[in-house]
Amino acid sequence: MTHAFMEAVAGDLGVRGVATLRYQFPYMEQGSKRPDTPKVAHSAVRAAVAKARAMLPGLPLIAGGKSFGGRMTSQAEALEPLGVKGLAFFGFPLHAAGTPSDERAAHLFDVRVRMLFLQGTRDALADMSLLKPLVKKLGKSATLHLVENADHSFHVPARSGRRDDDVRREILDAFAAWAGKL
């Protein structure tokens, strides 16, 4: 939760009038490189949503996260609704690098809230030939915002003429506009 990207996103969303609650999964808290099991991660997601609801009762909530955090949030929602208005994914990890597949997305068809996919076109964890048709199959519940030349961390090559700050501004403007419609 203290990663520079996560801190910048939280700060920049605050400027846009969007409060955030950052939290860590237990494996990160313990300093482990091995991610938590889905059951443990889902529990962490549910605890974070419950904390947000307790801190700001009555405020509409959107859950989500970056990469693993977004996927665990969507799995938790698919298993048992979190009571949020929508899910936002900052780089959904559709598959492992070098092994394109959409199997990790099967649970998304059980999600009953709106979803926003913020994705770089050079994301090694989300082959566009798989992600675009998936979002189309999800129908009106899913929105895809593509960031040209961005990778999974939303970095862009210098030759693109853009900086990472420009990309972050773009994805947060897209998020704020999407959230405003919920």
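Entry note, the chain: relative contact order of 16 percent, from Cα contacts under 8 Å with a spacing of 6+ residues.
Just the ratio, please: alpha-carbon radius of gyration of the range 1-56 over 2.2 N^0.38 Å, N its number of residues. Don't skip to the answer; put the middle values down first.
Values: Rg = 12.7 Å, N = 56, 2.2 N^0.38 = 10.2 Å.
Relative to the 2.2 N^0.38 Å estimate, the range 1-56 comes out at 1.25.
At the listed q of 0.18, 0.23, 0.26 Å⁻¹, the Debye profile of the range 45-130, built from one uniform point per Cα, gives log10 I(q)/I(0) equal to -0.74, -1.08, -1.30.
Among the trypsin sites (Lys or Arg not before Pro) in the range 57-146, which ones are in a DSSP loop with at most 11 other Cβ atoms within 10 Å of the Cβ? Mind listing them? List each step's numbers first, then the result.
Working: sites: Lys66, Arg71, Lys85, Arg104, Arg112, Arg114, Arg122, Lys136, Lys137, Lys140; in loops: Lys85, Arg112, Arg122.
Listed in order of number, the matching sites are Arg112.
Please compute the length gained on full extension between Met55 and Lys136, using 0.36 nm multiplied by the number of residues separating them and subtracting their Cα-Cα distance.
Numbers: separation 81, 0.36 × 81 = 29.16 nm, distance 3.56 nm.
Taking Met55 through Lys136 to full extension adds about 25.6 nm, to one decimal.
For the range 116-167, the alpha carbon positions stretch 34, 18, 14 Å along the principal axes, listed from largest to smallest. Counting only Cα atoms, the chain measures 45, 38, 36 Å along its principal axes, largest extent leading.
The numbers here are math on the coordinates, done by the rules we state, and not lab data. If you're wondering where the values come from, they're calculated on a predicted model, not measured in any experiment. Quick reminder, even Gly has a Cβ in these numbers, built from the backbone with ideal geometry, and neighbours come from all protein chains shown.
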